[in-house]
Amino acid sequence: MNKLGVLTLLSIVVGGPAVGQTRDSHAGLPHLEKRGGATQLIVDGKPFLVLGGELHNSSSSSVAYMKPVWPRLTAMHMNTVLSPVAWETIEPEEGKFDFSVVDGLLEGARANNLKLVILWFGAWKNTYSSYVPAWVKTDTERFPRVQTSDGRSTERLSPFSTAVRDADARAFARLMRHLREVDGDTHTVLMVQVENEVGVIPESRDHSAVANAAFSGAVPSALMSFLQKHRTTLDPEFRAAWEAAGGKTAGTWQEVFGKTSLTDDLFMAWHYATYIEHVTAAGKAEYPLPMFANAALIRPNYEPGQYNSGGPLPHSMDVWHAGAPSLDLLSPDIYFNEFALWAGRYARPDNPLFIPEAQGGAAGAANALYAFGHLSAMGFSPFGVDDQGNAPLDLVGITNSSERPDNSAIGNVYSELSKLAPMILEKQGTGGVTAALMEGEAQRSARLYLGDYTATMTRAGGSSGAGARLAAMFIQTGPNEFLVAGSGDAQITFSTDKPGLPIVGIESIDEEFFENGAWVPGRRLNGDENSQGQALRLYASDLAQGKIYRVRLYRYR
Ligand code: DGJ
């Protein structure tokens, strides 16, 4: 996307930079930059890896509640906290803004050396409109709701209402102006999520009169031309659905995309996207930080309306890109076991990967290694990192209190990643870093390719149950040399499919630990410790011990 073009357009749409602000004052802001094949977040001139954690929904409403939380997050080696800011908190009375909680969050984060990603809980949070101020919630005439097909209102504001959109955009723009005023030089806030997990439930689309009229009208030409222009890079599932319906380039929604509930989903996606475009553009006109929207993913066999219909899902990402060009990226909230599949669908050349919500624990540690190493993610963030046993168990994705995710696994992987970050950032998108992930007991092996070598990872020791998900990250430090960080019990053997000498041998393996800013060797591992020179053994305890391996390979005939 041409950012300058977007800025120019914004100036026209919303009246240009606020008084006293020039475009130059945006120089040095956190922004995204393409480096090699990766898009990275640049903070104060340098690439930044977001080692994040998202707070429970209600934590950031109280500065006092957060006070003892911050140091615990720092102790987990996080560098960034994803924190909600609710519309009801900042605009309790229409036009009267109160930023004391926002300022308290900034102060708490700064005092603990943490960055923030702000989550704008505006018109929608998990499809509902529970975070809007009372003056919005109670005035259903002025702020209409999504309606069901039998004419009932739901507790969801309608994305077809310009009154809702404009009030939301005004509040968001005011928040962004405040952030520019109090943080424009300090850059504690790195990015902003606009709304949270939008979409409609329990039906696949809004049935209000305005929505019905839009649904029986033509698919907007702006969307049709975007799809034609990007035909070859469209999400394959989306493209197949469009082509199965005849691949038409004009007509009503059902004529172009078919008479299915997926069409309702695409229709809602366009309207959420264009609504969010308006809000995002208004916010960026005040303070153009990178902005994104997040998606609740689809459980197996769920239909639109059972899942959030219209959210920024893989099959509707192109519709979102067309409708919301001011958003810098679309993000998945990944709580499901098929992490590689979901994360992979969001890591596209036109959509860098940032994961604002994910499961934590040992599974999260493995997923983080894979996301940063294999998918060039710019950030990863387990949900509920401030959990003190006071969150409903179904919200932490578990049913048995003895299984609460152990935050120490995230602390350990973040500790390791913070030391490796400069190398990871230098090599993301160049082929110099990659990772392999094993997702469950059924998966017996995983393979990765780096330079001249192929690494094959198999399970070892106790890699069952909670340890069944594991990953290894490889960073290439020379033609035949790699640093390896692993998150579980595994054995790795090496081979090659490249021309030249056909057999790969292990020249040496050293364990290394980070001391005084450098990796220093521990034991030289040989004999029983490397299967008589035939394999690298990773242990589930490696991360806790702060251990990585330096592996040197050679080839022979
Ligand atoms: C997804 C939402 O986006 C979060 O705000 C939170 O409600 C989690 N679900 C709870 O698991």
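Using R0 = 51 Å, the C-beta based FRET efficiency linking Ala163 and Ala75 works out to 0.65. Is the shape of the range 299-352 best called rounded, prolate or oblate, per the rule: a/c under 1.5 gives rounded, else a/b larger than b/c gives prolate, else oblate, with a ≥ b ≥ c the square roots of the Cα gyration tensor eigenvalues? Oblate, because a/c is 1.5 or more while a/b does not exceed b/c.
For the range 117-246, what value does the Rg/Rh ratio take when both radii are computed over Cα atoms and Rh is the Kirkwood radius, given to two decimals? Taking Rg over the Kirkwood Rh, I get 1.05. Take each peptide in 341-353, 524-536, 80-92, count the other Cβ atoms within 10 Å of every residue, and average; sorted highest first, the result is 80-92, 341-353, 524-536. Based on alpha-carbon atoms, the Kirkwood radius and the radius of gyration of the range 186-277 give Rg/Rh equal to 1.04.
Placing a pseudo-label 7 Å from each Cα along the Cα-to-Cβ vector at Ser58 and Leu341 gives an inter-label distance of 3.5 nm. Expressed per residue, the C-alpha convex hull volume of the range 269-342 stands at 87 Å³.
Database remark: amide H of Val146 closer than 5 angstrom to the amide H of Thr154, Arg156, Leu157, Ser158 (H placed geometrically; neighbours at sequence offset of 5 or more, or on other chains; Pro and chain starts carry no H). Distance distribution P(r), the range 414-496, all Cα-Cα pairs, bin width 10 angstrom from 0: 18, 48, 30, 4 percent. Entry note, the chain: relative contact order of 13 percent, from Cα contacts under 8 Å with a spacing of 6+ residues. The distance between label points at Asn113 and Arg447 comes to 4.3 nm (points 7 Å beyond Cα on the Cα→Cβ vector). Could you tell me whether the range 139-185 comes out rounded, prolate or oblate from its Cα gyration tensor? Rule is a ≥ b ≥ c as square roots of the eigenvalues, rounded for a/c under 1.5, then prolate if a/b exceeds b/c, otherwise oblate. It is prolate, given that a/c is not under 1.5 and a/b is the larger ratio. When DSSP beta bridges are restricted to pairs lying wholly in the chain, around 65% turn out antiparallel. In percent, rounded to a whole number, the relative contact order of the range 188-269 is 35, using alpha-carbon pairs under 8 Å and six or more apart. Highest average first, the peptides 269-282, 196-209 ordered by how many other beta carbon atoms sit within 10 Å of their residues are 269-282, 196-209.
Straight-distance candidates among the aspartates and glutamates for linking to Lys115, with alpha-carbon spacing under 16 Å and chain neighbours fewer than 8 residues away dropped: Asp44, Glu54, Asp103, Glu107, Asp183, Asp185, Asp386. Each Lys or Arg adds one and each Asp or Glu subtracts one; over the other residues with Cβ under 13 Å from the Cβ of Arg555, this totals 0.
Couplings 3J(HN,Hα) for the range 234-244, derived from phi with the Karplus relation 6.51 cos²θ - 1.76 cosθ + 1.60 (θ = phi - 60°), are 5, 4, x, 5, 5, 4, 4, 5, 5, 6, 4 Hz, where x marks Gly and Pro. May I ask for the Kirkwood hydrodynamic radius of the chain, worked out over all distinct Cα pairs and given in angstroms to one decimal? Across the chain, the inverse of the average 1/r is 24.7 Å. Beyond 19 Å in Cα-Cα separation lie the following of the pairs Lys125/Lys259; Lys419/Lys547; Lys34/Lys427; Lys46/Lys419; Lys498/Lys547; Lys34/Lys125: Lys125/Lys259; Lys498/Lys547; Lys34/Lys125. Maximal additional length on extending the Thr252-Lys67 stretch stands at 61.3 nm, based on 0.36 nm per residue less the C-alpha distance. Axis of helix 162-183 versus longest Cα principal axis of the chain: the two differ by about 50°, to the nearest ten degrees.
Relative to the longest principal axis of the C-alpha atoms of the chain, give the angle of the C-alpha long axis of helix 3-14, reported between 0 and 90° and rounded to the nearest 10°. That helix lies at roughly 20 degrees to the long axis.
With everything on Cα atoms, drop me the angle between helix 407-427 and the longest principal axis of the chain, reported from 0 to 90° to the nearest 10. Tilt relative to the chain: about 90 degrees.
We did not get these values from a lab; they are worked out from the coordinates using the rules stated. Note that the coordinates shown come from a computational prediction; the quantities given were computed from them, not determined experimentally. Note that each Cβ is placed from the backbone with ideal geometry, even for glycine, and that neighbours are counted across all protein chains shown.
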